[in-house]
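J.: Here you go, one structure.
Read-outs throughout are calculated quantities, based only on the coordinates presented, and are distinct from any laboratory measurement. In this text the structure is predicted, and so the values were computed from the model without any measurement. Every residue, glycine among them, receives a Cβ derived from its backbone with ideal geometry; neighbour counts consider all protein chains shown.
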Amino acid sequence: MAVVSNPVVVMKRYELKSIMSPEQTEYFKKSVEGHMKIDKFGLTSIASLYYDTPNYRLIRTSVEKPPFKEKIRLRSYGLATDTSPVFLELKRKAYGIVYKRRVQSTIPLVKKFFYGEGDICAGGQINREITTFRDYYQTLVPACLIVYDRIAYYQPDGDLRLTIDHNPRYRYEDLNLTTSMEGHSLLKEGYTILEVKVQQAVPLWLSEILTRGHIYKGSFSKYGEAYRQQLLKVRNERNV
């Protein structure tokens, strides 16, 4: 279980995403040995419960790829309980730069917050930003659950961070963090999502690894892909 000593976290960075085949995934893992280290949590199952308006305003805007977009989600590491720590994250992307506001809380407190009862943390700028977001959209409800199994790498003497997400999956039913980590697959079997997270430029050695492995930057949103697949599923069911 990941618990932070400081319950409020602010992040600003570039995030580059790539979809990797099973062969590319193995190649990449071997290639970064000596440059990066796996963090102390190892392979970790992560669940993110995305909140949206009843008509999916946030994700509909996001998939149109505007220069500015924003999402809010509740994240747990493994199955959560009413007393275990969860993390409410407000994530914004503007002109390629990702800004994240993250607050540690519990499920009962987060539910009260989305009902409009009180603050999410004890005052401060982050509290004001998240509360303003909630009040602007007025009604935010659980909309989609995304789950994946992540290996995170860090650079011992730098700000570079890499993550590889295995078996990304989603569901639009049973929208909570406490009952199951199951879901429908987002990608073909064995394919993974690579995320490169850096505050400055990607180092040359990493660029060379990506080029040799034909691993190219793409545009991929787990929630966006889940929304697309769910729409397709509904349309197919209506045409039966």
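J.: Around Asp135, what is the net charge, scoring Lys/Arg as +1 and Asp/Glu as -1 over all other residues with Cβ under 13 Å from its Cβ?
T.: -1
J.: Report the gain in length on full extension from Glu117 to Val141: 0.36 nm times residue separation, minus Cα-Cα distance, nm rounded to one decimal.
T.: The Glu117-Val141 span can extend by a further 7.2 nm.
J.: A further question on this structure: For a bin width of 10 Å, list the pair-distance distribution of the range 8-239 built from all Cα-Cα distances, rounded to whole %.
T.: 7, 30, 37, 20, 5, 0
J.: Okay, moving on. In the range 8-239, with Lys and Arg counted as +1 and Asp and Glu as -1 at Cβ, which of these residues, Gln199, Val32, Thr44, has the Cα nearest the positive end of the dipole, that is, farthest along it?
T.: Gln199
J.: Only four residue types carry charge here, +1 at the Cβ of Lys and Arg and -1 at the Cβ of Asp and Glu. Report the dipole size of the chain about the Cα centre in Debye, rounded to the nearest 20.
T.: 580
J.: Distance between the C-alpha centers of the range 89-160 and the range 195-226? Whole Å please.
T.: Cα centroid of the range 89-160 versus Cα centroid of the range 195-226: 23 Å apart.
J.: At 0.36 nm per residue, and after removing the present C-alpha to C-alpha distance, how many nm does the segment from Arg57 to Asp149 gain when stretched out fully?
T.: 30.3 nm
J.: Can you work out the Karplus-derived ³J(HN,Hα) for every residue in the range 193-198? Use 6.51 cos²θ - 1.76 cosθ + 1.60 with θ = phi - 60°, whole Hz, and x for glycine or proline.
T.: Couplings: 10, 9, 10, 9, 10, 8 Hz.
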